[in-house]
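Here's the structure, in structure tokens; my notes come after.
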Amino acid sequence: MRVVTGERFEDFADENALLFPEYGKNRDGLIDFVDSLIGDETVVTSSLELVDLIAQRFKKGEENVLVYSNTGKSLTLKEVYELRKYLDFDVRGGFSGQDARTSVLFVEGKTDSKFFKAVFKKLFEFRESREPPRCLRFIERVFEKDNFDLLSRDGAYLAILPSEGNSGVIRNLGNFLRAMDVFRFSVERIGVAMDVDESRESALASIIGKLLSLGGEESAAGYTVGGTEVVPLIIGLPFADEDVDWRKPTVEDLMLHLIAEEGLLDRIRPALKALDSSLGRKLKPKEVMYLALSAYGHWGNLEGFYELFVMRSRFRNLKAVLKEAGLMKALRYLAWVEGG
């Protein structure tokens, strides 16, 4: 299966190509069309919805590709399918809007996303933005809007994109860099935030391995792929406490240190000890977070609590925790705050 998009589709569409007239077709019509395909066709279309459906059906197999006629480069339909979770390809050709300094931060999940969103708002005075710059026009603004956060400050933009665990971060990083090459857009800086898990070395090696496979080279900030600087942020700050069953590093480590610095851990200590005794075991870090959430009087979800607590924490305490975790240099770099 080959799908051709972009303004120069005539250069890639052979005599057997199906020029799909997407105008006037509802979703049922698109589904019927996709169901009629057998897999050896060339489909020419500017319908993003049709691309979605074809990618979903034909995402298996390296021979199934999307060709972007403007550049003559291609992505596998598996890559297209995975990218579509948070990307909106401008298949009609080109990206509109203003140019701007831009960073992207990949994180493991939504709690990580809200934590770092609050960090950038609290420490660097970023604010939520509704209008992305030209190079971020591909990010979904309507479909599953809660799957990313877009922030801006003084003409600089930052998009925070959650993934599905460490493997999801690596997969999305690779797909994103491939998409930049194919569609010829670029962001200047990318952060890759991952938990230490087994070891800091193995977490870093998985990032470096992906970058090297895409032609990455070492740089002063981290690594560079093409014109993009990629900065690893390895999360791991052990939390030793007689009442908490800490086992492996996660973003909850940072929150545990922060609630301790802010005095909330001492406030919930009696309840924490009582629960430990009642359960016959220590509470795990995420369970402690739910206890802290309740004591704090926040009746939303854990994601909302992380964002709210970070925003209301003392500046010096938040900065001290992130500095101890070894994250401040990379965060400043992604925020376009040089030095300090």
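Each other residue within a Cβ distance under 13 Å of residue 100 adds +1 if Lys or Arg and -1 if Asp or Glu, for a net charge of +1. For the chain, the solvent-accessible area works out to 46 Å² per residue, with a probe of 1.4 Å and every protein chain left in place.
Take every pair of alpha-carbon atoms less than 8 Å apart whose residues are at least six positions apart; their mean separation over the length of region 176-316 yields a relative contact order of 19 percent. Applying 1/(1 + (r/R0)^6) with R0 = 22 Å to the Cβ-Cβ distance of residue 199 and residue 219, what FRET efficiency is obtained, to the nearest 0.05? Calculated value: 0.40.
Seen from residue 17, the other residues with C-beta closer than 9 Å to its C-beta sum to a net charge of -2, counting Lys and Arg as +1 and Asp and Glu as -1. Expressed as a whole percent, the accessible surface of the chain that belongs to carbon and sulfur atoms is 48, based on a 1.4 Å probe. Computed from the Cβ-Cβ distance with R0 of 25 Å, the FRET efficiency linking residue 11 to residue 56 stands at 0.40.
The HN-Hα couplings worked out from phi for region 69-76 by the Karplus form 6.51 cos²θ - 1.76 cosθ + 1.60 (θ = phi - 60°) are 5, 4, 10, x, 9, 9, 10, 5 Hz, whole numbers, x standing for Gly and Pro. By definition, a body whose alpha carbon gyration tensor gives a ≥ b ≥ c is oblate when a/c is 1.5 or more and a/b is not larger than b/c, and region 1-72 fits this oblate description. Secondary structure note: in region 113-262, about 65% of the DSSP beta bridges are antiparallel. Under 5 Å from the amide H of residue 191 lie the amide H atoms of 104, 105, 106, 231, each residue being 5 or more positions distant or on a separate chain, with H modelled from the backbone and absent for Pro and chain starts.
Values of log10 I(q)/I(0) for region 226-328 across q = 0.17, 0.18 Å⁻¹ run -0.79, -0.87, by the Debye formula with one identical scatterer at each alpha carbon and no solvent. Note on residue 25: lysines with a C-alpha under 29 Å away, same-chain residues under 8 apart excluded, are 59, 60, 73, 78, 85, 145. Within region 277-340, what is the number of lysine pairs with alpha carbons under 27 Å apart, leaving out pairs fewer than eight places apart on the same chain? Final tally of qualifying lysine pairs is 6.
Each peptide among 291-302, 244-255 gets the average number of other Cβ atoms lying within 10 Å of its residues, and from highest to lowest they stand as 244-255, 291-302. State whether the chain is rounded, prolate or oblate according to the following rule on the C-alpha gyration tensor (a ≥ b ≥ c being the square roots of its eigenvalues): a/c under 1.5 gives rounded; otherwise a/b larger than b/c gives prolate, and the remaining case gives oblate. Verdict is prolate for the chain. What FRET efficiency would be calculated for the residue pair residue 37, residue 208, taking the C-beta separation as r and a Förster radius of 45 Å, to the nearest 0.05? Taking R0 as 45 Å, the efficiency between residue 37 and residue 208 is 0.70.
The values are calculated or read from the model by the stated rules, or taken from the named source; none is laboratory data. Computed from a predicted structure; not experimentally measured. No Cβ is skipped: glycine too gets one built from the backbone with ideal geometry, and neighbour counts run over all protein chains shown. Keep in mind that these areas ignore ligands, DNA and RNA; they rest on the heavy atoms of the full protein, side chains included. Shrake-Rupley method; radii C 1.70, N 1.55, O 1.52, S 1.80 Å.
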